[in-house]
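Down below is the structure, laid out as structure tokens.
The values are calculated or read from the model by the stated rules, or taken from the named source; none is laboratory data. This structure is a prediction, so every number in the text was calculated from the model and none was measured. Every residue, glycine among them, receives a Cβ derived from its backbone with ideal geometry; neighbour counts consider all protein chains shown.
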Amino acid sequence: MTSWINVLPEAILSVSALGILIISTLANSGSMRDLLRWLSAIAIAASAVSLVYTSGTGLTSYGWVQSTSFTTSIALVLLSLMGFAVLTSPVKADTAGEWFALLLFTALGSVVLSRVGNLAAVFLGIEVLSISLYVLVSFRYTSRISLRGGVTYLVLAGVGSAFLVFGSALIFATYGSLDIAELQTGALAAPMPLLGMFGYGMFLVGVGFKLAATPFHMWAPDVYEAAPTSAAGVIASASKGATVAALLPFAFLLNSHFLVLTLLSGASMVIGNLLGLRETRVKRILAYSSVAHVGYLLLGFAAIRSATPEALPATMDAWSAIVFYIAVYGFSVLGAFTAIGALRTQTVVSLNDLHGLGRTKPVTSACLLVFVVSLAGLPLSIGFWGKIYLFSAAFQAGLIKLAIIGLMGSAIGLFYYMRILVHLYMVSPEMNPRGEAPEQSNFQTALLIATAAGIVVFSFFPDFLYYLVRGGQ
Amino acid sequence: MLTLLLLIPLIGIVFTILAGRVNATGARVAALISSVLSLQVAYLLAAKARVQVVELDRLWIPSFGVHFALRADWVSAVLVLLTALLTVFAIAVSWKEIKERVTSFHVWLLLLQVGVTIVFLARDLMLFYLGWELMIIPMLFLIGSWGTGRKEYSAFKFVLFTFTGSIFMLASMLYLFYRNIGITGVPSFHLDQILTVQLSSTEQWWVFMGFLIGFGVKAPLLPLHTWLTDAYPNASTAGSLLLSGVLSKTGVFGLFNLAIPLAPDAFALFRPFLIWLAMAGVFYGACIAFNQRDIKRLIAYSSFSHVSFILLGIFIKSDLGFQGGVLQMISHGLSTAALFLIAGAIQDRLNTREFANLGGLWRVAPAMGAFMLFFAFASLGLPGTGNFVGELYIIASALSYHWIIGALASLAVLFAAIYSLKLFTGIFHGPEPASLTAFPDTDNRENLLLTSLAVLLILLGLFPSLVTAPLKNAGTTPAATAYSTLHQQPTMIAMTDTTTPAATVAGPREEAR
């Protein structure tokens, strides 16, 4: 049955985003900003609740939305990431309305992408997501760096979108349908014709641009650096997770485009980690790290060996490893960006700006330590289990060489993660060039500590976290 | 009791942080109390493990078959005891040396103890790996934050080497894990389960290489030792003491506890090569040690040489060699700890470690000189110390392996004598340098620490059976027995299922056809 109720999660987000724009015109104060923050958080929570209640209806809304408990799990993960971003992002009172509205639109794009039913929905979701992000990146429109970053992102993501649309058109020309289910049947029924191969190839290039997978990663460091720190966190976490989620229904492509996908994955893992080595600016380091992490996620994708599940399986396989990793990586990287934003206000943060903060701001620094350790995938952080699950899925699928490349990549990557820690803790504060630390509300600090604590505590009970990701089933 | 060994340092960390809020001495005292309590428990554990194996096994992460499985046989128990003892020493040594950020220093120290204890006790591969990695971050800070010289660089190098090594180890572990799933269908990292997996010789080759690189870095085995040159000398005294005394033993322990039992055929294949590598390490370390101008660097290389000697005993794979290896692990842990302690004391007083700026200290500090003389002799294998018996056992086993190896091993003792004497004479004999300022002799704290180390070494030298006797008893050291009699073991499970895990999973590619 097709009913408006099935798109309630999306409806709540878009209506409340517009509502927030209207409300924000009423007043222009700090308390208004807090009100908007809470309204946005409530909107996301409401959307999450409606997701749970409308879950499991299958393919609805003219085939645009695929609502199973599997897609609901992913959407909930993405919404919780966006909720974290909404609650922690620092913003000035006079621009709060736009900021939160854009974050809600980003959340909308993420939810659309996490439960796509056809190719048009993929395009729609990616555009909603990207357009909000263009604005978020260049949000400090008086700063040249910020504008340049926004334009870079606009142009390159635009190229990506062009590939995506043209690829979709070629796919439609081959199979006469945009529905993913029909495309899957078509792709599995007969060897793929050249036109289809080409179409899906362009589709993957488009997605590769959005994901910043090597060789389409060049924009990432510039954009991450130019964006306000919390916006960069959103690009790295929720936006990336949503794009991977949109790719998941296309697992049948592993039959025809296996080589392309493994190359994308391997190249991202190697290049992302290598390029990070010589970087001296923190946000660029995290950008390269996110390129590498896309490689790990694609490694998990390449390890998929079964049809899309209706719900997350109780045991760990490639599907659950990917969803688990989106959650784990998302919170680690978003937390890292948030912590950096809480340590330094300026847009460009070099490693030298972190000198001695381990002593002057011990709590936030300790949180950053935890997030960085989790990104590096060291034990005693949930990032370790995320990586273990992904790599073991790859081992199990027989992708041994690719998994070993990934392991080596993460060993290389450790170098730049450690550099952050060294600059944070092992240089005395006197070496620090004067930089202002932003004021930070207790609530945001508490949220940051709670997330860091979660990353450590869940590393002892990864099964329990997975149980939560599955929605407690 | 096993859990208690892990819990005490963790609770100690909490108390250290709380006490550190009052003042620095509070943190020191809290950490010291915690480490003494651990020592007590470790002693009780050793007393118990002397009679029978102490075990604990709980399923921890069901979906992945990770067990919280700890087991203390005699070898593990003795090494845990050594760890607890050296942690006490590390805290005592740092009492005056560490003046900045005292609380966090002790927190890292106790966390390191937890990691090492897990490594020595773990009976589950994943738990072992967690403990192994848990050692990295504390060590990064112990070297990088409280070290001397190019400390950040040294810390970095250490972390990169160890972590890269452990990645290879992890790959081997995951491979074994999936082979086990392929055979039994049940995920399990429990070592008892993994040990039943029979691998083909090619698979063993790869698995063994992974473990060898992982453990070889830590021990260190010859070509993988380059991080040591920086990390040992530039760490704080406590850091050097733990690195050489305990952390190097984790590498040796991993080799005979995991690598060799898990891939016996590959080990048999590599054995001659590994023996020569260890032999080369002994001489290489000794020669370079002699050429050093820095006390701590000299001790670092001598430690490298001695650990290679221990590895020689392990690789020879006879009962005698193994007993000698274990005995030498303990004795070397104690003697090298003492040497680093003295080097730290000298550096603390004079702010230099160069032989060029030292000399003639016997006149002003006879007590320290006497201690140095004793421990230098101990490290070259003075009869009456544990080092002598350990070396003797290893040389005897080397002789029974091949006379050339035996002869070379005996020659190595001579080499050790040369650099040990240089260490002593360079500091305490000869003319005093003009720059020498007031040099107080050892104080009561240092006397107490050094005397207790000396007593322990003599005790081991006079009664080596304290350590070695239970090694002969299969009831208390099943792991050791399994290791030394591997070649006689019958095949435990005939391997019938040769399908790889990947092939058993139906993929979309199959569906397509």
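Per-residue answers, yes or no, for (1) part of a helix (DSSP H, G or I); (2) buried (at least 24 other Cβ atoms within 10 Å of the Cβ); (3) within 14 Å of chain A (Cβ to nearest Cβ); (4) not aromatic (Phe, Trp, Tyr):
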| position | (1), (2), (3), (4) |
| --- | --- |
| B:LYS48 | yes, no, no, yes |
| B:LEU56 | no, no, no, yes |
| B:ALA90 | yes, yes, no, yes |
| B:TRP95 | yes, no, no, no |
| B:GLU100 | no, no, yes, yes |
| B:LEU109 | yes, yes, no, yes |
| B:GLY115 | yes, yes, yes, yes |
| B:MET126 | yes, yes, yes, yes |
For the subset of region B:143-155 comprising residues that are surrounded by fewer than 24 Cβ atoms within 10 Å (Cβ to Cβ) and facing another protein chain (nearest Cβ under 10 Å), which member is modelled with the highest pLDDT?
B:TYR153
Qualifying residue in region A:436-458 (condition: modelled with pLDDT of 85 or more and part of a loop (DSSP other than H, G, I, E, B)):
yes
Could you check A:SER350 against (1) closer than 17 Å to A:ALA287 by Cβ; (2) surrounded by fewer than 24 Cβ atoms within 10 Å (Cβ to Cβ); (3) within 9 Å of another protein chain (Cβ to nearest Cβ) and say which number it fails?
(3)
Quick one: count up the residues across region B:1-46 that are charged (D, E, K, R) and surrounded by 14 or more Cβ atoms within 10 Å (Cβ to Cβ).
1
Would you confirm whether any residue within region A:113-120 is more than 23 Å from the chain's Cα centre (by Cα), over 27 Å from A:LEU275 (Cα atoms) and at pLDDT 90 or above?
no
Just to check your reading of the model, which residue among A:GLY208, A:GLY176 is among the small types (Gly, Ala, Ser) and either in contact with an Asp or Glu (Cβ under 9 Å, 6 or more places away or on another chain) or modelled with pLDDT under 90 (or both)?
A:GLY176
Mind counting the residues in region B:195-217 that are at pLDDT 85 or above, more than 11 Å from chain A (Cβ to nearest Cβ) and within 27 Å of the chain's Cα centre (by Cα)?
12
Going by the conditions given, is B:SER35 under 23 Å from the mean Cα position of the chain (by Cα), assigned to a helix (DSSP H, G or I) and of a type in the set (Gly, Ala, Ser)?
yes
Just name the residue that is surrounded by the fewest Cβ atoms within 10 Å (Cβ to Cβ) out of those in region A:367-392 that are farther than 16 Å from A:SER289 by Cβ and facing chain B (nearest Cβ under 10 Å).
A:LEU380
Give me the pairs, please: first residue somewhere in region A:2-20 and in contact (Cβ under 8 Å) with a residue 60 or more places away in the chain, second residue anywhere and of a type in the set (Val, Ile, Thr) and in a loop (DSSP other than H, G, I, E, B), beta-carbon distance under 8 Å, and either six or more positions apart or on two chains.
A:ASN6/A:THR54; A:ASN6/A:THR57; A:PRO9/A:THR54
Would you confirm whether any residue within region A:267-280 is in contact with a Leu (Cβ under 8 Å, 6 or more places away or on another chain) and modelled with pLDDT under 90?
yes
Candidates B:ILE330, B:ILE288 - the one that is under 19 Å from the mean Cα position of the chain (by Cα) and either β-branched (Val, Ile, Thr) or modelled with pLDDT of 90 or more (or both)
B:ILE330
Which one is farthest from A:GLY233 (Cα to Cα) among residues in region A:82-106 that are in a helix (DSSP H, G or I) and charged (D, E, K, R)?
A:ASP94
Give me the residue from region A:66-81 that is touching a Ser or Thr at 6+ places or on another chain (Cβ under 6 Å) and under 17 Å from A:PRO309 (Cα atoms) and, out of that set, surrounded by the fewest Cβ atoms within 10 Å (Cβ to Cβ).
A:SER69
Determine which member of the set A:PHE203, A:PHE216, A:PHE250 is within 14 Å of chain B (Cβ to nearest Cβ) and over 21 Å from A:LEU102 (Cα atoms).
A:PHE250
Filter region B:168-178 down to the residues that are buried (at least 22 other Cβ atoms within 10 Å of the Cβ) and touching a residue at least 12 places away in the same chain (Cβ under 8 Å) and list them by number.
B:PHE168, B:MET169, B:LEU170, B:ALA171, B:SER172, B:MET173, B:LEU176, B:PHE177
In region B:285-316, residues that are closer than 22 Å to B:ARG353 by Cα and part of a helix (DSSP H, G or I) total 18
Residue in region A:202-219 that is in contact with a Ser or Thr (Cβ under 8 Å, 6 or more places away or on another chain) and at positive phi present:
yes
